[in-house]
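Below is one structure, written out as structure tokens; comments come after it.
All of the numbers you see were taken from the coordinates with simple rules; none came from a lab. In this text, all values refer to a predicted model and were calculated from it rather than measured experimentally. Methodologically, a virtual Cβ is constructed for each residue, glycine included, from the backbone with ideal geometry; neighbour enumeration extends over all protein chains shown.
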Amino acid sequence: MTVIYTLIPLSIILLIFAIWAFRWAVKTKQFDDLDRSGRDFLFDDDDELHRRAIEKDRGRKRDDA
Amino acid sequence: MHPEPTPCFHCGEPCPPNETLTRTHDRETVSLCCHGCAGALDWIQAQGLDSFYAYRDQPSPRPEEQTHWTLFDDPEFLQNHALTLGNDSLEIELSVPQIRCAACTWLMERVLGSYSGITQSHAHLGRQTLTLRWHPSQIKLSQVLTQLDSLGYTATVLTDETARRARKKERRSMLKRIGVAGLGTMQVMMFAAALYVGEASFIEDEHRSFLRWVSLIVSIPVMLYAAQPFFFGAWRDLKNRTLGMDVPVALALGLAWSASILATFLGVGEVYFDSVSMFALFLLTGRYLEMNARHQVLDAPVESRPLPMTLAKRRADGSFEQVPVAGLKPGDIVQLAGAQQAPVDLKLVSESGSVDTQALTGEFKPKTLAAGDEILAGSVNGATTLTAEVLRIGKNAFLGKLEHLARQAEATDTPESRWTEPLIRWFIAAVLSVSGFTLAIWWSTDPVKAFEYALSVLVVTCPCALSLAIPTAWTVTIRSLRQSGILLLNPTHLLAFTKAKHWVFDKTGTLTAGKFSRIGTRLHGSALSEDEALSIISGLEIDSRHPMAHAFSDVPPTPLEQVTQLPGVGVEGVLHGVTYRIRRAIGEEALSAFPEAACVTLEADGQPVLTVALDDEVRADARETVDHLKSLGITVSLLSGDTESRVSHLAKMLGIEHWQSGLSPEAKVAALDAIEESKVMVGDGLNDAPVLSAANGSITFAQASDLTRLSAGSVLLSNELKTILLLKAHAKRSRRVITQSFFWVLVYNVIAVPFAVAGWVPPWLAAIGMSGSSLFVITNALRLKRIT
């Protein structure tokens, strides 16, 4: 049973890590808007159409100047 | 007769018939209701954000014309409302009530991301806010907000920035405590499981003592950090010489924990590290949910109208300029634009004008004013621009005074809110004296045993179960009420909802709908049918902000040309060469059956066509609600600021015997105080705020102003009066569950305590009794989750 003297301190180190991770998540606002987070992954970060539209827009502005 | 109108592709509102606004989206032709929506769609497509329409699960807000955005470039305004960050950038948090679904947040962030001066943007779905970081030297905020506005998202400044930030911090710190308590509890319970199994089979002393020490170490952060609020709360209560809910909690936690520490050091007795950690976790979770519900109401913007309280104009050498309201002083001359809300108390300088005071008094009919009349802060200007003098600001203004009255009424605490106090005091005293008694009688025999027995008395009696009974029942009730569309802000009001034998109602906006509806019509001649005439009125009123326009919103509108507002007269427009005009009914046109109603007439080229009588409509469920309350033996009464004839008419209609009319906010409080029994107040006007805080239980509607909602103990989100019956039913069930739990704790103690005093309860049995008791209380509370 001497194994518990290794494993339990190890689990406490993991616990400290888990608490640190949770605090980090709270601080970085991960828990601020639970209504939204559940759906965010459904949307594309990089929308091809949008990117092209912005580039076109920038190009136009450059032409104006 | 009318074909089913096509819903607008952007906002979902019905498109006017014969409307030709169409666009192509995703290779299909779609119809749009107005140029605002079409503009929004065009812009979204030009940005290549077409996928927004695929992502959204709700129709989008309809853009309306706004003009007030330049204020957001004012350096003084920004200094008051925005946070200055390093490297010349600013951060502002704005309320955007139109954020409805996750796709809205996606669209807004994409739109804002394409501006180069904006460094960061985050839209919050739960609280409907937008946080922006930008460089004022590179981009003007007004430009950004105008763009968002054209998409239908109207940003509003938040009421109290500092308080809001403090609340956010409070929520986060509570969440961190829950995290620590939760993770700690899991760990300690794991060790406890090993210890329990060890006790049942075989465990070496060395291992047992090791597991206890580890449990002790893990429970330190749970007790000293996570459970801190309970200890501080108890300390505060004791300093104020009261016994609040925190006292037994702190006592239970403190005693069980110190006893466990002692047992660990001495290597005798039993440890309860798992129980105390779990106890702290449950209580913290309850507090967090309660806090969240309260903050949700506090964080909501004052009004859905754009930019309340932030903008006015002051004369400098005869011309007008935009200034923040904070910079106004009494005596300044200001201009109040059409449909704008007065941010401070004003005195009219223009010859005449009309204001809508619904937010203040609940009265929905516009009030006509002459030069020299007062315009109270919170009133909304009619169609014409008014010039006025600033009369009172800040705390001296009408709003400030009402707030003061409400706070005053709140400060006088009702005895009901502390109904459990004597019970808790008695219980704590009994537990402590029985433990002392146990210690005393066993001391002479064996001091170690005496200590062990006294401890098992403390554990067996389990103040935990008692202190859990109320918070768990409240937590579950708050959650299930939230699902039924009721926000419970002050759980102590639950008692009043079950016990009160007297329910008091306000009139306008509470028993009535608080808006114009058609109550009668009269056709002149036979040129047009009634439906046709109503459809023309609807077409004329469609873009009007006038409160009367609402009465026709259910009629499919006929589009007219050259629609013009005639200030002080009405509206006119042209259809097939005929000029139609809406004006006030004159002489015999008025409907004699409704003497109190406002009558308007539609005329075609000067000939009257149709007269419509408009009045405030009684809520469809008012009679049912009043009857139900009366069938329960409750006295229902009506307190109103309205005229006697109107109040008596309504009272007769709903069968309410007790009523008073023409009451000022102060008189309402006095009238309520005159009722000696416990009473519940239901109201919605700003003038009801003081009387709501004075009642034992109070209910208001979500549309009510900020102050009113904060003064009430609960808010009905559904705008249906009969929801109060649901609230009453929930309150009754929650009270029953609390009583059951108390009864259980009592019975259990009466049985267990004599055994514990006699020393016949081994520590493991005491622990089972303690956890069992708590579990019973929690599961009992969970039964409240089922919605009837």
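So here's what we get for this one:
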item	result
Average other protein chain Cβ within 10 Å of Cβ, residues A:14-26	4
Shielding of A:36-48 by partner chains, average beta-carbon count, 10 Å	5
For B:Ile519, distant residues with modelled amide H under 5 Å away	B:Ala613, B:Leu614, B:Asp615
Entries in B:Lys347/B:Lys367; B:Lys515/B:Lys732; A:Lys27/B:Lys140; B:Lys668/B:Lys728; B:Lys630/B:Lys679 that, when Cα-Cα distance is taken, lie over 21 Å	B:Lys515/B:Lys732; A:Lys27/B:Lys140; B:Lys668/B:Lys728
Amide H partners (placed H, <5 Å) of B:Gly353, local residues excluded	B:Leu369
Backbone N under 20 Å from the A:Thr6 label point (7 Å along Cα→Cβ), restricted to segment B:182-196	none
Modelled FRET efficiency - R0 56 Å, B:Gln138 with B:Leu238, Cβ distances, 0.05 increments	0.50
Note, ³J(HN,Hα) from phi for segment B:434-448, Karplus 6.51, -1.76, 1.60, rounded to Hz, x at Gly and Pro	5, 4, x, 4, 4, 4, 5, 6, 8, 4, 5, 6, 7, x, 5
Table column - 3J(HN,Hα) (Hz), segment B:736-752, Karplus curve with 6.51, -1.76, 1.60, x for Gly and Pro	5, 5, 4, 4, 4, 4, 4, 4, 4, 4, 5, 4, 4, 5, 4, 6, 7
Computed E for B:Glu374/B:Ala337 - FRET, C-beta separation, R0 25 angstrom, nearest 0.05	0.85
Amide H contacts of B:Lys679 (H built 1.01 Å from N, under 5 Å, at least 5 apart or other chain)	B:Asn696, B:Gly697
Cut-off 15 Å (backbone N to label point 7 Å along Cα→Cβ of A:Arg52), residues of segment B:50-64	B:50-51
Cα-projected label distance for B:Thr521 with B:Ala163, points at 7 Å along beta-carbon direction, nm	4.7
Added length on full extension, which subtracts the Cα-Cα distance from 0.36 nm per residue, B:Ala200 to B:Asp531	110.8 nm
Pair B:Ile217, B:Lys722: separation of 7 Å Cα→Cβ label points (nm)	6.2
Positive-end residue of B:Ala758, B:Ser734, B:Trp744, charge dipole of segment B:640-762 with Cβ unit charges	B:Ala758
Highest average packing first - B:616-628, B:249-261, Cβ atoms within 10 Å	B:249-261, B:616-628
Paramagnetic label zone (point 7 Å from Cα along Cα-to-C-beta, B:His25; backbone N under 16 Å) in segment B:97-125	B:100-108
Separation of the B:Phe231 and B:Ser173 label points, Cα + 7 Å toward Cβ, nm	1.5
Chymotrypsin sites (Phe, Trp or Tyr not before Pro) restricted to segment B:152-242 and DSSP loop, no more than 10 other C-beta within 10 Å	B:Phe202
Under Karplus coefficients 6.51, -1.76 and 1.60, residue-wise ³J(HN,Hα) of segment B:646-657 in Hz, glycine/proline x	5, 5, 5, 4, 5, 4, 5, 4, 9, x, 9, 7
